[in-house]
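**Student:** Sharing a structure here in structure tokens format.
The values are calculated or read from the model by the stated rules, or taken from the named source; none is laboratory data. Please read these numbers as outputs of a predicted model, since none were measured by experiment. Positions of Cβ are generated from backbone atoms using ideal geometry, with glycine treated the same way; all protein chains shown enter the neighbour counts.
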Amino acid sequence: MKRGFLVLEDGSVFEGEVFGAETSAYGEVVFNTSMTGYQEMLTDPSYAGQILVATYPLQGNYGVNGDDNESRRIQVSGFVVRQWCPYPSHPRNERGLDAFLRAYGVPGLSGVDTRALTRRLRIRGVMMGVLACDEGPEEALARLREVPPYGNVDFVQQVTVGEPVVWPPAGEERWHIVAFDCGLKHAIMRLLNRRGCRVTVVPSFFTAEEVLALRPHGVVLSPGPGDPALLTGAIRTARVLMERVPILGICLGHQLLALASGARTFKLKFGHRGGNHPVKNLLTGQVSITAQNHGYAVDLDTLPADLEVTHINLNDGTCEGLRHRTLPWCSIQYHAEAAPGPRDNEHVFDRFLTLVRENAPGGG
């Protein structure tokens, strides 16, 4: 197979074999510790602009199917693995990982010491990198120094829909929910549909007036890629909507609500990406294992008095959930919809719909 390199901005070089598309790509290099779910990870819009490193050593062993995509396409810039399986075995398999990557023009690199690579990212922090296919490490590093840093690019505008899209409910319609597509995963719409919600997905650039004209019972601010502080338009919109309609913020949406309330965010050293992050609910004392995928967090020291911390991460004490003391909105930093990961936290959608019902005309 063709030889390739992953070159980090600090000059580190990891050699491997190219699979997927035979092309080069650059992005912020991050790692995910989940043991399954590579198809969902690859198609998660929150990975836009990033080269994903899988810490679990074998990828592609159960193939790819037509049901588990979390968006319209593969979103990662590149995929780095220890080993990929060329002969997947699963009843739902439709094509292999190699063919899946090639179909979307995304390169992969196998045979990499992903343990050493992950340790470097944990020690030094995430950094920009080039997955080089047709050039040597020196040329790749020189090209990398010419590209913009991950935190300077608004990736949300690259992944959002261009116009509203409606997802009808699976059964009787109870509520109309507007979901901002800042990097919306299909699993969120599926879970709302099962709960009797018609979901209108709108572009991230929609104004509060355009949303309110749709007469929603509630609004979801979705996960998504990049630095939330860049999204000044979405922050303004959230500031207006939180006074008018119940809101659930998930991941990036959680950060946008915090910013709209006057708090600040900061970049984590290597982020939270995986399916085994313990989160404590401060209201109940319950600890849940959560799926996470984010590189920024809300600064607890900057929270205004009208915000209450509802959840914290037990690994590093960072903020994992908020609610307003008087307005009907709540937010979580983790992924209640999982995909991939544990499904312990789907009750968050029930909690949100309780807010919707309580604030509906006539109390629902």
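**Student:** Inside the stretch 122-138, can you point out the residues that are surrounded by fewer than 15 Cβ atoms within 10 Å (Cβ to Cβ) and not in a loop (DSSP other than H, G, I, E, B)?
**Tutor:** Passing the criteria: Arg122, Ile123, Arg124, Glu138.
**Student:** Those residues that are assigned to a strand (DSSP E or B), in contact (Cβ under 8 Å) with a residue 40 or more places away in the chain and surrounded by fewer than 22 Cβ atoms within 10 Å (Cβ to Cβ), I need them from the stretch 148-181; list them, please.
**Tutor:** Trp175, His176, listed by residue number.
**Student:** Another one. Suppose we keep only residues that are in contact with a helix residue (DSSP H, G or I) (Cβ under 7 Å, 6 or more places away or on another chain) and assigned to a strand (DSSP E or B) within the stretch 310-329. Which one would you say is nearest to Thr265 (Cα to Cα)?
**Tutor:** Cys319
**Student:** Going by what's in this entry, would Ser34 be described as crowded, with 17+ Cβ neighbours inside 10 Å and either not assigned by TED's automatic domain parsing to the domain that holds Gly136 or not in a strand (DSSP E or B) (or both)?
**Tutor:** It is true that Ser34 is crowded, with 17+ Cβ neighbours inside 10 Å and either not assigned by TED's automatic domain parsing to the domain that holds Gly136 or not in a strand (DSSP E or B) (or both).
**Student:** Do the conditions hold for Thr200, that is, is it in a helix (DSSP H, G or I) and among the β-branched types (Val, Ile, Thr)?
**Tutor:** no
**Student:** List pairs: first in the stretch 300-324 and loosely packed, with under 13 Cβ neighbours inside 10 Å, second in a loop (DSSP other than H, G, I, E, B) and not aliphatic (A, V, I, L, M), Cβ under 6 Å, 6+ apart or cross-chain?
**Tutor:** Pro304/Ser261; Pro304/Gly262; Asp306/Arg325
**Student:** Please specify each residue of the stretch 1-31 satisfying the condition of being surrounded by 21 or more Cβ atoms within 10 Å (Cβ to Cβ), β-branched (Val, Ile, Thr) and in contact with a helix residue (DSSP H, G or I) (Cβ under 6 Å, 6 or more places away or on another chain).
**Tutor:** Selection gives Val7 alone.
**Student:** Turning to a different aspect of this structure: Is it the case, given these coordinates, that Leu268 is within 27 Å of Arg239 (Cα to Cα) and in a strand (DSSP E or B)?
**Tutor:** Judged against the criteria, Leu268 is a match.
**Student:** Separate question: Out of Ile235, Ile250, I need the residue that is among the β-branched types (Val, Ile, Thr), crowded, with 21+ Cβ neighbours inside 10 Å and within 27 Å of Met128 (Cβ to Cβ). Which one?
**Tutor:** The match here is Ile250.
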